[in-house]
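Here's the structure, in structure tokens; my notes come after.
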Amino acid sequence: MKSRWSVRLSLLGLCGLTIGACSSGTAGNGESAKSATRIIADAKNATSSLQTLHVAGTFSNAAFNSIDLNVGQTHGGGSVKVNQQQISVYADQNRVYLYAAPSTWLALSKNPASQKLGNRWVEFPSGSAIFTQFGVNSVQKLIDGTLNQSPKSLTKGPITTFQGRKAIPLRAGNQTIYVAEEGPPYLLGLQSAGTVTFDQFNTAVVPSAPATSTPAADLIK
């Protein structure tokens, strides 16, 4: 099954594209006076401690066109668009579940047999290529995948505004990470070949696992 996939993507790599924000109060949180290394460490710690969050974004010049996910500590789900094909996704620690039309499976895999996966929830186990690509199943995993830049490569810019919130920009090449300048130093976002925002911190409602599903291996031998 793995060798038939023409799409080799990393959702986590693309989520090396952002994070939304939450601001409480109007006074600065003191982060802007710190080094870029300290700011990014504080942002990782604060954001990773969240129980749930919502992430949404669009991308240009990438096979992943958009993501819209609610993620908790052990599972997450929502929808993604890949090569203009819409896919519903749910992931926990052991499996990733995908739901798409037969035409979507055919467009992505170029394998006529893959249409058997259409119009049903299909399971892929941990360790599979699909799990690696779509298995965003925890806040921690999402943050680890997003903040993979070396702190030494980051430079701090002057306080700015991102998504209507005061933010500290940290630049690495053509990417800019935004960290909240007010309230907890949550990650507010990252812009590069697109923009992804995170919000609904600790209020996002994470979906439950599909009531029924079928292992992909049972459908395509």
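Computed values, structure above
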{"quantity": "Near pairs, Cβ below 6 angstrom, 6+ apart or cross-chain, from region 35-49 (acidic (Asp, Glu)) to any residue that is surrounded by 14 or more Cβ atoms within 10 Å (Cβ to Cβ)", "calculated": "ASP42/PRO185"}
{"quantity": "Of residues in region 70-83 being farther than 16 Å from VAL96 by Cβ and not in a strand (DSSP E or B), the one modelled with the lowest pLDDT", "calculated": "ASN83"}
{"quantity": "Selected residue [in a strand (DSSP E or B) and out of contact with any Leu (no Cβ under 9 Å at 6 or more places or on another chain)] from GLN86, GLN93", "calculated": "GLN86"}
{"quantity": "Residue check for VAL205: among the β-branched types (Val, Ile, Thr), crowded, with 19+ Cβ neighbours inside 10 Å and at pLDDT 95 or above", "calculated": "no"}
{"quantity": "Number of the condition not met by GLN73 [criteria: (1) surrounded by 19 or more Cβ atoms within 10 Å (Cβ to Cβ); (2) within 28 Å of GLN200 (Cα to Cα)]", "calculated": "(1)"}
{"quantity": "Residue in region 93-120 that is farthest from the chain's Cα centre (by Cα), counting only those that are under 12 Å from SER213 (Cβ atoms) and surrounded by 18 or more Cβ atoms within 10 Å (Cβ to Cβ)", "calculated": "LEU117"}
{"quantity": "Selection within region 173-189 - surrounded by 24 or more Cβ atoms within 10 Å (Cβ to Cβ), of a type in the set (Ser, Thr, Tyr) and not in a loop (DSSP other than H, G, I, E, B)", "calculated": "TYR178"}
{"quantity": "When residues of region 121-136 are limited to those that are in a strand (DSSP E or B) and not acidic (Asp, Glu), the one surrounded by the most Cβ atoms within 10 Å (Cβ to Cβ)", "calculated": "VAL122"}
{"quantity": "Number of the condition not met by THR52 [criteria: (1) among the hydroxyl-bearing types (Ser, Thr, Tyr); (2) out of contact with any Phe, Trp or Tyr (no Cβ under 8 Å at 6 or more places or on another chain); (3) touching a residue at least 40 places away in the same chain (Cβ under 8 Å)]", "calculated": "(2)"}
{"quantity": "From the options ILE40, ILE67, ILE87, residue that is among the β-branched types (Val, Ile, Thr), at pLDDT 80 or above and over 15 Å from the mean Cα position of the chain (by Cα)", "calculated": "ILE40"}
{"quantity": "Selected residue (criterion: surrounded by the fewest Cβ atoms within 10 Å (Cβ to Cβ)) from residues of region 137-151 that are assigned to a helix (DSSP H, G or I) and not polar (S, T, N, Q)", "calculated": "ASP144"}
{"quantity": "Qualifying residue in region 104-118 (condition: of a type in the set (Gly, Ala, Ser), assigned to a helix (DSSP H, G or I), at pLDDT below 95 and within 20 Å of VAL196 (Cβ to Cβ))", "calculated": "no"}
{"quantity": "Out of LYS116, LYS156, LYS166, LYS152, sole residue that is of a type in the set (Lys, Arg) and within 25 Å of VAL82 (Cα to Cα)", "calculated": "LYS116"}
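Here's the yes/no breakdown for (1) small (Gly, Ala, Ser); (2) more than 22 Å from ASN202 (Cα to Cα):
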| residue | (1), (2) |
| --- | --- |
| VAL136 | no, no |
| LEU142 | no, no |
| THR146 | no, no |
| PHE162 | no, no |
| PRO169 | no, yes |
| ALA172 | yes, yes |
| TYR186 | no, no |
| GLY189 | yes, no |
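The values are calculated or read from the model by the stated rules, or taken from the named source; none is laboratory data. Note that the coordinates shown come from a computational prediction; the quantities given were computed from them, not determined experimentally. Glycine gets a Cβ as well: all are built from the backbone with ideal geometry, and neighbour counts include every protein chain shown.
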